[in-house]
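In what follows, a structure is listed as structure tokens, so that the remarks can point back to it.
The values are calculated or read from the model by the stated rules, or taken from the named source; none is laboratory data. Small disclaimer: the values here were computed from a predicted structure and weren't measured. Quick reminder, even Gly has a Cβ in these numbers, built from the backbone with ideal geometry, and neighbours come from all protein chains shown.
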Amino acid sequence: MYLTERSGWPRTMRRLATAGIMLLGTTKAHASDITLGIIGPHEYDLPVDFQPFNVLVQYGDGNAAGSTYNSLGQRRAEGGSHTWSGLTKYVHFRSFEAIPHVGFAFELIQGESYTLANGTSSGGLGPTIVGPAAWFKPNAHSTFGFQTFMQTPLGTRTATSPEYWSNISSFIFDYEWKHFSFDGDAGTVTGSTRHVKGQHSYDPGVVFYTNLRFSWKATKLIEPFFAFDWQNVTGTYDHTAGRDLDDSNSREVAMGPGLMFNISQHLSFTTRYQHSVEGRNTPESNAYYVKFVYLW
């Protein structure tokens, strides 16, 4: 197993892993929410040939979207909302003697959300997300792998239920220098047809996304970093009417700074601010993110 120069395997192990996304609605996003935009630096700095261990991660984010981007990419001060969401994640990590130099993880993720818009509010538990990840190390300083998750169609309330199954898959990577790190992912989200009694049936658009994190290992405790997120969503198809829905495709580019605090061998805390720099048919991102990790 690769040991970092800075503090050995506990530091490497707690730089956890993968995250999920709660997909709400079928025609327009309830809030700007780039897939896997919750990840932090070192998210995929993962070991191989290790003893099994477990991780609990709590992600949270809030977005005060006072404006939206229209179909021409123009930013308008209308249609905004306040959203708060979280993902509670349990991960079991292990490797197998029969498959040397490869790491595996299985994740169970539960989403939570709350939305305030136009004088009304809704919230509750979202769908559950489950799936595996696998990776290897091309060399001592890098990691490359693949993750895939299934998201269930139901939450505790209609407002938090996408009402269709979806798959979230991406390639993951990480590269570590002595004083810097660079990691991220690139992938897609595909969904089944949405069927609700008494309503039209829809095929949700395919999501393409990437999330990049570049950090500076300033001290053993603090790592400033910069985040870049991009997402493009193809249009929704109305099966019943036999046509694409107008202005149902969307795009967003968002970026911002953050800090990672490596509190101890078993604890870390990450916080970040992010804002949209370009978009189409989506609420703006004016968001803050937090991430708490506990390793045992």
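Looking only at residues of the range 161-170 that are touching a residue at least 60 places away in the same chain (Cβ under 8 Å) and under 13 Å from the mean Cα position of the chain (by Cα), we find that the one that is nearest to Ser122 (Cα to Cα) is Ile168.
Tell me yes or no: at least one residue of the range 272-283 is closer than 24 Å to Asn63 by Cβ and part of a loop (DSSP other than H, G, I, E, B). Within the range 272-283, one or more residues are closer than 24 Å to Asn63 by Cβ and part of a loop (DSSP other than H, G, I, E, B). Before we move on, is Gly62 modelled with pLDDT under 90, surrounded by fewer than 17 Cβ atoms within 10 Å (Cβ to Cβ) and within 22 Å of Met255 (Cβ to Cβ)? No; evaluated as a whole, the condition is false for this residue.
Can you tell me how many residues within the range 171-187 are out of contact with any Pro (no Cβ under 8 Å at 6 or more places or on another chain) and in contact (Cβ under 8 Å) with a residue 40 or more places away in the chain? Can you show your working first?
Initially, the range 171-187 is screened for residues out of contact with any Pro (no Cβ under 8 Å at 6 or more places or on another chain), giving 171-180, 182, 184-187.
From what's left, in contact (Cβ under 8 Å) with a residue 40 or more places away in the chain: 172-174, 176, 178, 184-185, 187.
Total meeting the criteria: 8.
Residues in the range 241-258 include none that are touching a His at 6+ places or on another chain (Cβ under 6 Å), modelled with pLDDT under 95 and closer than 26 Å to Ser161 by Cβ. Of the residues making up the range 198-222, those that are assigned to a strand (DSSP E or B) and either over 20 Å from the mean Cα position of the chain (by Cα) or surrounded by fewer than 22 Cβ atoms within 10 Å (Cβ to Cβ) (or both) are Tyr202, Asp203, Val207, Phe208, Thr210, Leu212, Phe214, Trp216, Ile222. Counting the residues of the range 241-271 that are charged (D, E, K, R) and not in a loop (DSSP other than H, G, I, E, B) gives 4.
For Gly242, the criteria (1) exposed (fewer than 14 other Cβ atoms within 10 Å of the Cβ); (2) under 19 Å from the mean Cα position of the chain (by Cα); (3) not charged (D, E, K, R) hold in every case but one, which is (2).
Here Phe225, Phe149, Phe144, Phe173 are screened, and the one residue that is over 16 Å from the mean Cα position of the chain (by Cα), under 19 Å from Ala133 (Cβ atoms) and in a strand (DSSP E or B) is Phe144. Scanning the range 120-171 for residues that are within 19 Å of Arg94 (Cα to Cα), buried (at least 18 other Cβ atoms within 10 Å of the Cβ) and out of contact with any His (no Cβ under 9 Å at 6 or more places or on another chain) yields Gly131, Ala133, Trp135, Thr143, Gly145, Gln147, Phe149. Residues in the range 172-197 that are in contact with a His (Cβ under 8 Å, 6 or more places away or on another chain) and loosely packed, with under 15 Cβ neighbours inside 10 Å: Trp177, Thr193.
Among the residues of the range 67-81, is any at pLDDT 95 or above and outside any strand (DSSP E or B)?
no
Taken over the range 201-238, the criterion of being farther than 30 Å from Phe261 by Cα and in contact with a His (Cβ under 7 Å, 6 or more places away or on another chain) is satisfied by Ser201, Tyr202, Asp203, Asp238.
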